[in-house]
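The values are calculated or read from the model by the stated rules, or taken from the named source; none is laboratory data. Keep in mind it's a predicted model, so treat the numbers as computed, not measured. Neighbour counts run over all protein chains shown; Cβ positions are idealised from the backbone, glycine included.
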Amino acid sequence: MWSGTARPDKADAYVRHLQQSTFPLLASLPGHRGAYILRRDAGGRVVFTVMTIWDSVDAIAGFSGGDPEMAVVPAEAKALLMSYDTRAVHWEVAYRL
């Protein structure tokens, strides 16, 4: 899980960036199982949480360049965001309904 914020006028462009650039790349990587974009308007800014689903921490490290907690934020995404986490947080599934 990873979070960032955008101005309202940049929010839709950020979603498009994920849909057109980031998610197709992720889909091509071994161990990637899906992704979600969560969005919330928060008084003059839009907060995003991006959840990606992976088989293992090793699979994540294949995307992040070795450090699975290092956030991968390309220049195009940085230009659309006001702020963003520099580290991702990983969770293990304890139960699935």
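In the range 1-14, which residues are surrounded by fewer than 17 Cβ atoms within 10 Å (Cβ to Cβ) and among the hydrophobic types (A, V, I, L, M, F, W, C)?
MET1, ALA13
Anything in the range 30-58 that is modelled with pLDDT of 95 or more and among the aliphatic types (A, V, I, L, M)? List them, or say none.
ALA35, ILE37, LEU38, ALA42, VAL46, VAL47, VAL50, MET51, ILE53
Within the range 40-80, restricting attention to residues that are within 12 Å of the chain's Cα centre (by Cα) and in contact (Cβ under 8 Å) with a residue 60 or more places away in the chain, which residue is farthest from PRO24 (Cα to Cα)?
Within the range 40-80, the match that is farthest from PRO24 (Cα to Cα) is ALA71.
So, in the range 1-19, how many residues would count as being over 13 Å from the mean Cα position of the chain (by Cα) and either of a type outside the set (Gly, Ala, Ser) or not in a strand (DSSP E or B) (or both)?
7
Among the residues of the range 20-32, which ones are outside any strand (DSSP E or B) and either farther than 23 Å from VAL47 by Cβ or in contact (Cβ under 8 Å) with a residue 12 or more places away in the chain (or both)?
Selection gives SER21, THR22, PHE23, PRO24, LEU25, LEU26, ALA27, SER28, LEU29, PRO30, GLY31.
Taking the range 33-77, which residues are part of a strand (DSSP E or B), surrounded by 12 or more Cβ atoms within 10 Å (Cβ to Cβ) and among the aromatic types (Phe, Trp, Tyr)?
Matches in the range 33-77: PHE48, TRP54.
Mind listing whichever residues of the range 81-97 are without any contact (Cβ under 8 Å) to a residue 24 or more places away in the chain and of a type in the set (Asp, Glu)?
GLU92
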